[in-house]
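To start, the structure itself, in structure tokens.
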Amino acid sequence: MSQKITVAIIHGIGTANEDFVDETKPDKFAGGIAKPLKSRFAALMGETLEDTDSKLKIKPVYWAPILQRPQNELWDRLEVKNLSSFFKLREFVFHSLADSIGYQITPSKRNIYDQVHEKFAETLQELAKDGDEKAPLCIIAHSLGSVIASNYIWDLQNKKANIEIGNTSLEKGETFALFYTFGSQIALWRLRYDDFGTPITVPSPELSKHYQNLKGEWLNFYDRDDVLGYPIKNINEEYKKVVTRDIEVKSGNFPSEWTPLSHNGYWTDSEVVEPIAQGLVNAWKSAYL
């Protein structure tokens, strides 16, 4: 039997590129978080990195290409490159808004919402291979990726998915245990619902059928200088029950840590990596010892 924690890492708004899925570039693979995460996991377990490879299975959810083509076309039509862009903030805002607006449910049979969720389903299918179909699932999500992950899991938990879902326990979300979000806009997306709606269940209601001792958690990291990242726990009473903690951090390095560019600084920040690594260690020990 496999004894792994599976980890899906999903990027957010902006211009994520192919390095996000290139394991030969560890400083950029999965946003750069996989390398320090594995290192801290190994240290906390008192093991080598080689030992960690037998305990963690990491796969990125790379959905950027779905929206990149229409964004590029609109960028060219509007001749945005000829407009003012102080510290490239216009480019940052353009891609941020374009991703958020593009990721919407529409009447189209092949809407972008479903296409993005298909990428998520493909990643879970990859994680479920090689005997890991019942492995505990951890999701690490940045920015709009946290909204996508939340919507994806909500659709699974409420039988609302409009895409093909695999038949393994992992793919059906039954083993979903850990949720780590940073730079999240979940709070803003809840404006669409009365009293800001209902959260996903963390961990999955079915988790105890597979791992009786695994409790799960949802940690949300935010930087007060990040205008695109917000706390989540106080959205409403239901979120208070589900979200374990909102954790304020200072993401990025000087001078970006004092600007909106701190939105992209979470990936390798030790204040983010350390609690996630500890959570993975606790989950592995609870599941397999």
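General remarks:
- When the residues of the stretch 145-192 are filtered to those that are in a loop (DSSP other than H, G, I, E, B) and of a type in the set (Ser, Thr, Tyr), the one that is nearest to ALA287 (Cα to Cα) is THR175.
- Residues being in a helix (DSSP H, G or I) and over 29 Å from TYR288 (Cα atoms) - total across the stretch 9-50: 3
- Among residues of the stretch 225-251 that are over 15 Å from THR201 (Cβ atoms) and part of a strand (DSSP E or B), those with a beta-carbon under 9 Å from a residue that is aliphatic (A, V, I, L, M) and at pLDDT 95 or above at least six positions away or on a different chain give the pairs ARG245/LEU219; ASP246/LEU219; ASP246/ILE232; ILE247/LEU219; ILE247/VAL272.
- Considering THR198, THR181, THR168, THR175, the condition of being of a type in the set (Val, Ile, Thr) and more than 20 Å from PRO60 (Cα to Cα) is satisfied by THR198 alone.
One line per residue, one yes/no per condition, for (1) more than 20 Å from PRO275 (Cα to Cα); (2) surrounded by 16 or more Cβ atoms within 10 Å (Cβ to Cβ); (3) at pLDDT 95 or above:
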{"position": "ILE58", "(1), (2), (3)": "no, yes, yes"}
{"position": "VAL61", "(1), (2), (3)": "yes, yes, yes"}
{"position": "ALA64", "(1), (2), (3)": "yes, yes, no"}
{"position": "SER84", "(1), (2), (3)": "yes, no, no"}
{"position": "GLN104", "(1), (2), (3)": "yes, no, no"}
{"position": "LEU124", "(1), (2), (3)": "yes, yes, yes"}
{"position": "GLY131", "(1), (2), (3)": "yes, no, no"}
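- Here is the figure for the stretch 12-42: residues that are more than 24 Å from PHE120 (Cβ to Cβ) and exposed (fewer than 14 other Cβ atoms within 10 Å of the Cβ) total 1.
- Among residues of the stretch 1-51 being small (Gly, Ala, Ser) and within 16 Å of the chain's Cα centre (by Cα), the one that is modelled with the lowest pLDDT is GLY14.
- The lone exception for SER208 - which of (1) assigned to a helix (DSSP H, G or I); (2) modelled with pLDDT under 95 it fails: (2)
- Any pair with Cβ under 6 angstrom, 6 or more apart, that starts in the stretch 153-176 at a residue that is farther than 13 Å from VAL202 by Cβ and ends at one that is part of a strand (DSSP E or B): LEU170/LEU137
The values are calculated or read from the model by the stated rules, or taken from the named source; none is laboratory data. Here the structure is a predicted model, which means the values were calculated and not measured. Neighbour counts are summed over all protein chains in view; Cβ atoms, including those assigned to glycine, are modelled from backbone coordinates with ideal geometry.
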